[in-house]
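Here's the structure we're looking at; comments come further down.
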Amino acid sequence: PTEAEWEYACRAGTITTFFFGENDSLLNYYSWNNENSSEKTHPVGMKKPNPWGLYDIYGNVDEYCFDWKGKYSITEIYNPVGPSRGNYKMTRGGHYWSVHLFRGKPAVSSSSRAGTHLKSGSRNHGFRVARDKY
């Protein structure tokens with residue numbers, strides 16, 4: 001998915017920091033993170049899903065998006081797509097050791113963004129298969 005599609009699916013109709021609200025202490029119910037992962041990935045679906053039934057939105061692995069790394073437009077647009085080329089792909093969701101806590105705050109939210117160099121293979125990166133229904 002594009003970054004915008006990923007965030008739309010992550011939020012599942014919500015506008016809060018996390019799809020489950022503002023209480024970051026609930027992350028352990030929804031994500032594999034540095035408090036509960038034993039520093040490894042886990043099979044998908046072992047934590048609670050978001051309201052649309054999507055699992056592992058936060059934590060487990062950083063999920064590559066279609067977009068190349070770039071800044072968002074300062075004007076609101078529908079389903080923006082990043083630059084047409086680059087060296088870094090955008091990732092969303094955070095991986096198992098990036099979710100809890102960075103300087104006392106979660107390092108991930110529904111709007112968190114990161115960029116990863118394509119040549120940096122890692123067990124912390126993956127992707128979400130998405131398909132247009134048509």
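Evaluation of residue 31 against the conditions (1) out of contact with any strand residue (DSSP E or B) (no Cβ under 7 Å at 6 or more places or on another chain); (2) at pLDDT 90 or above; (3) among the small types (Gly, Ala, Ser); (4) surrounded by 15 or more Cβ atoms within 10 Å (Cβ to Cβ) shows that the sole unmet condition is (1). Total residues in segment 119-134 satisfying the condition of being surrounded by 12 or more Cβ atoms within 10 Å (Cβ to Cβ), modelled with pLDDT of 70 or more and assigned to a loop (DSSP other than H, G, I, E, B): the figure is 2.
Number of residues in segment 64-88 that are outside any loop (DSSP other than H, G, I, E, B) and surrounded by fewer than 21 Cβ atoms within 10 Å (Cβ to Cβ): the value is 4. Within segment 93-118, the set of residues being at pLDDT 80 or above and basic (Lys, Arg) comprises just one member, 113.
Results for (1) in contact (Cβ under 8 Å) with a residue 12 or more places away in the chain; (2) of a type in the set (Lys, Arg); (3) open to solvent by less than 40 Å² (accessible area, probe 1.4 Å), shown as yes or no for each residue.
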| site | (1), (2), (3) |
| --- | --- |
| 4 | yes, no, yes |
| 7 | yes, no, yes |
| 11 | yes, yes, no |
| 19 | yes, no, yes |
| 24 | yes, no, no |
| 35 | yes, no, no |
| 41 | yes, no, no |
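Starting from residues that are among the aliphatic types (A, V, I, L, M) and open to solvent by less than 60 Å² (accessible area, probe 1.4 Å), keep the ones in segment 43-59 and report whichever is nearest to residue 107 (Cα to Cα). Ranking the qualifying residues of segment 43-59, first place goes to 57.
The values are calculated or read from the model by the stated rules, or taken from the named source; none is laboratory data. Not measured: the values here are computed from a predicted model. Reconstructed Cβ throughout: ideal geometry from the backbone, glycine too, with neighbour counts over all protein chains shown. Note: accessible area is taken over every heavy atom of the protein model, side chains too, but ligands, DNA and RNA are not part of it. Shrake-Rupley method; radii C 1.70, N 1.55, O 1.52, S 1.80 Å.
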